[in-house]
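The values are calculated or read from the model by the stated rules, or taken from the named source; none is laboratory data. Treat the numbers as computed from the prediction; the structure is a model and nothing was measured. In this analysis, Cβ positions are derived from the backbone assuming ideal geometry, glycine residues included, and neighbour counts consider all displayed protein chains.
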Amino acid sequence: MARTVLVTGGNRGIGLAIAQAFAKQGDRVAITHRSGDAPEGLFGVVCDVTDSASVDAAFTAVEAELGPVEVLVANAGITDDTLIMRMSEEQFTRVLDTNLTGAFRCASRASKKMLRARWGRMIFISSVVGLYGGPGQVNYAASKAGLVGVARSITRELGGRNITANVVAPGFIDTDMTAALPEERRAEYVKAIPAGRLAAPEEVAAVVTWLASDAAGYVTGAVIPVDGGLGMGH
Ligand code: NDP
């Protein structure tokens, strides 16, 4: 059965691969983008997840075009790495505001229609770093760990209404975000990954589409790593 799916930050990277995977299986897919145009074939809405009015307007636009959001993929995220002694409070709160509060804003808005429909899927894109920590990533790790608490609390609140909330924790995926890393750092990471390679965004997308499927209806409150063994299941 075709569903209405909204992927935040679905204009590039992991979000785009997720949106394309849903579109390929016949779902009605909307993505958010902040600037430029939506990728071809996907319904795009302009949205900044740090602004609740913008989130509300994006959901309203998707509802008018494709119907109520049944599957939310909270994917939009940023990094702003630096060691804790150099990290400003602004750097910390800006990353939290996008990655954690941004996901909350979307989940809160989505929950109303999901409750009415008595069906919904929320999938939060966290990171192995949220569970494992990362040097220079106090802000990012805190934001990604926070998503686990969000998903598990939603599971407890809405689990009885056919609404699942799960976390996907990717490891090292080949996107613009990781392209920004220095070569030595990249090589170090690859050495630590049992699979011995980075993943393609499509490998994350495959897990996300499965979580949204009817077959995964009894999987909720889970954290699913897609990290080539880097976090050993954590
Ligand atoms: P990219 O940097 O390639 O893309 C980030 C996406 O988030 C873009 O679409 C961007 O939109 C969007 N975004 C950022 N800030 C906002 C905002 N305030 N409002 C709305 N959209 C916003 O990242 P990836 O594809 O690599 O990462 C996607 C998610 O996966 C992130 O949450 C990231 O933390 C997580 N992740 C990535 C890993 C990796 O190895 N790449 C590993 C683990 C987790 P715009 O184009 O407008 O900037």
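Every test in (1) over 21 Å from Val95 (Cα atoms); (2) surrounded by 13 or more Cβ atoms within 10 Å (Cβ to Cβ); (3) modelled with pLDDT of 95 or more is passed by Pro194 save one, and that test is (2).
If the condition is being more than 16 Å from the ligand (Cβ to nearest atom), hydrophobic (A, V, I, L, M, F, W, C) and assigned to a helix (DSSP H, G or I), then the stretch 152-192 contributes Ile154, Leu158.
Among the candidates Ala195, Ala169, the residue that is touching a Gly at 6+ places or on another chain (Cβ under 8 Å) and either among the hydroxyl-bearing types (Ser, Thr, Tyr) or over 24 Å from Met122 (Cα atoms) (or both) is uniquely Ala195. Any residue in the stretch 77-100 that is under 19 Å from Pro170 (Cβ atoms), touching a strand residue (DSSP E or B) at 6+ places or on another chain (Cβ under 6 Å) and of a type in the set (Gly, Ala, Ser)? No, the stretch 77-100 has no match at all. For the stretch 35-59, residues that are within 14 Å of the ligand (Cβ to nearest atom), of a type in the set (D, E, K, R) and modelled with pLDDT under 95 total 1.
In the stretch 197-217, the residue that is surrounded by the fewest Cβ atoms within 10 Å (Cβ to Cβ) out of those that are more than 16 Å from the ligand (Cβ to nearest atom) and free of Cβ contacts under 8 Å to residues at least 40 places away in the same chain is Ala215.
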